[in-house]
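A short write-up of the structure that comes next.
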Amino acid sequence: MLAIVSLVVIIVISMIVVRVATIALTLTGLSTPLARFQARSAFTSTGFTTTETEKVMRHPVRRRIIMILMVFGNAGFVTAISSLILSFMGAESNEGLWLRIGVLALCLSLLWMIAYSEWVDRRISKIIQRALQRWSDLEIRDYAGLLHLTGDYIVVELNVKAGDWLANTSLNHLKLADEGVLVLGIEKPDASYIGAPRGDTKLEADDTVLLYGKASVLKNLDERRTGAAGNWEHHKAVDDQKRNEQKPVSQD
């Protein structure tokens, strides 16, 4: 039974480690689903290669969290497998074997229920968040909450290509703010970065521009091409933005 207890303890510690890493990644600006996915991927050494993973690895704090998760994950899996094998090797009879299987299944079921309990999740998350803010040196900001990224508004990176409506045009001329779109930054092909660019900054082909706004507007902007059709799409987006601003705010 000692081996089963050891296995359960290892699983509990693993769950806590992944939960702490998820909260830490969330507080650096990642959305909760993405933070949870990246934490579990790193802990299990799955190694998914996605655009989101590349963004995580370019961030020094997130990269440090992922590296720690990988170390804990490798050590935890080896120990867990060893404990699992030992927990069944000591059974002297079929009754003893089934008893150990039943105890292990009961413990795993309880852990599963706890792991997916919203009540437990809310309270543990608050405790972990307070602890990280108090005792860690992470640069913690809940950017997803500050920018309301769980609603209609999102932050996206658009790759500017030749022939796009955005290409070879200054921000003053584009008037993206009239569409409700804010330009947060521009990454040039030589890896230089312009944060909070001014109106005279010109977008060029192969630039990567970081934009904040409504998902539908940004999708239209990504598909917009140069010429009269693109200008017409801009005017329609401006009119839609004006109508939205003029809508009365409902009071409950």
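The values are calculated or read from the model by the stated rules, or taken from the named source; none is laboratory data. Here the structure is a predicted model, which is why all the values come from computation and not from measurement. Cβ atoms come from the backbone with ideal geometry, glycine included; neighbour counts cover every protein chain shown.
Details
- Restricting attention to region 166-202, the residues that are under 18 Å from Glu233 (Cβ atoms) and touching an Asp or Glu at 6+ places or on another chain (Cβ under 7 Å) total 2.
- When each of Asp222, Asp200 is tested for being touching a strand residue (DSSP E or B) at 6+ places or on another chain (Cβ under 7 Å), in a loop (DSSP other than H, G, I, E, B) and among the acidic types (Asp, Glu), the lone residue that passes is Asp200.
- Region 151-175: number of residues that are small (Gly, Ala, Ser) and in a strand (DSSP E or B): 1
- Flag for Ala144 being farther than 27 Å from Gly227 by Cβ, in a helix (DSSP H, G or I) and either modelled with pLDDT of 90 or more or touching a Gly at 6+ places or on another chain (Cβ under 8 Å) (or both): yes
- For region 176-197, the set of residues classified as among the aliphatic types (A, V, I, L, M) and either outside any helix (DSSP H, G or I) or touching a Phe, Trp or Tyr at 6+ places or on another chain (Cβ under 6 Å) (or both) consists of Val181, Leu182, Val183, Leu184, Ile186, Ala191, Ile194, Ala196, listed by residue number.
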